[in-house]
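Colleague: Handing you a structure now.
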Amino acid sequence: MADRGAPLDVIAASLRRERARTGLSLSEVAKRAGIAKSTLSQLESGGGNPSVETLWALSVVLDVPFARLVEPVRPQVQVIRAGEGPTFYSERSDYVATLVASCPPNARRDIYRIAAEPGTPRRSDPHTPGVVEHVVLSAGRALVGLTDEPVELAPGDYIAYPGDVEHIFQALEPGTRAVLVSEHA
């Protein structure tokens, strides 16, 4: 049975999201989990009264931890400061590469150079679901990230945040420059 910490709408959204991720049909997931297709359909619609056994069977079929089905999705923010991250040096030139975010399979990315000046911040409405934005600040200082919790960045700092949530870029110094990568799932 779903408890107060796992409302049916959270379970429904999680089941739909994870089933879509696997590419399996409603019928196939139900069959593999040993439940009726109508039961899974009802759960994905936010109805029903799932037992722990049903949810556990679904988590196994969907290859996700049980908690992923019952906990609300929370925006994930990652910050890598200048001087952090795996670094690789060239043998032939004065060149250093630092990995800040690897590209997941089948990802699509748009890369932008950002030039911003202090004043009115750039507020962005949520983009399409699944978009993640990556910013590396190259000059100046800026507040970047989720509108309610932006992070102050200095040159060389990196931040990743969900682009499908309201977000902000606010220059704090003249000549603020950054690279923004918009990753589409």
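The values are calculated or read from the model by the stated rules, or taken from the named source; none is laboratory data. Predicted model, so just to flag it, every value in this text is computed and none were measured. Cβ: placed from backbone, ideal geometry, glycine included. Neighbour counts: every protein chain shown.
Colleague: If we scan region 152-163, do we find a residue that is aromatic (Phe, Trp, Tyr), touching a residue at least 60 places away in the same chain (Cβ under 8 Å) and out of contact with any Leu (no Cβ under 7 Å at 6 or more places or on another chain)?
Modeller: At the first step, the residues of region 152-163 found to be aromatic (Phe, Trp, Tyr) are 158, 161.
Checking the rest, the ones that are also touching a residue at least 60 places away in the same chain (Cβ under 8 Å) come to 158, 161.
Keeping just the survivors that are out of contact with any Leu (no Cβ under 7 Å at 6 or more places or on another chain) gives 158.
Checked region 152-163: at least one residue is aromatic (Phe, Trp, Tyr), touching a residue at least 60 places away in the same chain (Cβ under 8 Å) and out of contact with any Leu (no Cβ under 7 Å at 6 or more places or on another chain).
Colleague: To continue, here is another question. Would you call Asp148 surrounded by 16 or more Cβ atoms within 10 Å (Cβ to Cβ) and either in the same structural domain as Arg17 (by TED's automatic domain parsing) or in a loop (DSSP other than H, G, I, E, B) (or both)? Steps first, answer last, please.
Modeller: Details: surrounded by 16 or more Cβ atoms within 10 Å (Cβ to Cβ): no; either in the same structural domain as Arg17 (by TED's automatic domain parsing) or in a loop (DSSP other than H, G, I, E, B) (or both): yes.
Taking the combined requirement at face value, the residue does not satisfy it.
Colleague: Further question on the same structure: Answer with yes or no whether Arg19 is modelled with pLDDT under 90, closer than 19 Å to Gly130 by Cβ and in a helix (DSSP H, G or I). Break it down into steps so the answer makes sense when it comes.
Modeller: On the way: modelled with pLDDT under 90: no; closer than 19 Å to Gly130 by Cβ: yes; in a helix (DSSP H, G or I): yes.
So Arg19 fails the test.
Colleague: Any idea which of (1) assigned to a strand (DSSP E or B); (2) more than 27 Å from Glu18 (Cα to Cα); (3) of a type in the set (Gly, Ala, Ser) is the one Gly156 doesn't satisfy?
Modeller: Gly156 satisfies every listed condition except (1).
Colleague: From the residues in region 167-185 that are closer than 12 Å to Ser138 by Cα and among the β-branched types (Val, Ile, Thr), which one is surrounded by the fewest Cβ atoms within 10 Å (Cβ to Cβ)?
Modeller: Among them, the one singled out is Val179.
Colleague: Another question, then. Mind listing just one residue for me: the one in region 126-141 that is at pLDDT 90 or above and not in a strand (DSSP E or B) and, of those, farthest from Arg21 (Cα to Cα)? Spell out how you get there, then give the answer.
Modeller: Kept after step one, since they are at pLDDT 90 or above, are these residues of region 126-141: 126, 131-141.
Now restrict to residues that are not in a strand (DSSP E or B): 126, 131, 140-141.
Values: Pro126: 21, Val131: 15, Gly140: 39, Arg141: 37 Å.
If we take residues in region 126-141 being at pLDDT 90 or above and not in a strand (DSSP E or B), then Gly140 is farthest from Arg21 (Cα to Cα).
Colleague: Say we look at region 85-123 and pick out the residues that are β-branched (Val, Ile, Thr) and part of a loop (DSSP other than H, G, I, E, B); which of these is modelled with the highest pLDDT?
Modeller: Taking region 85-123 first, the residues β-branched (Val, Ile, Thr) are 87, 96, 98, 100, 111, 114, 120.
With the extra rule that they be part of a loop (DSSP other than H, G, I, E, B), the set shrinks to 100, 120.
Working: Val100: 77, Thr120: 86.
Among them, the one singled out is Thr120.
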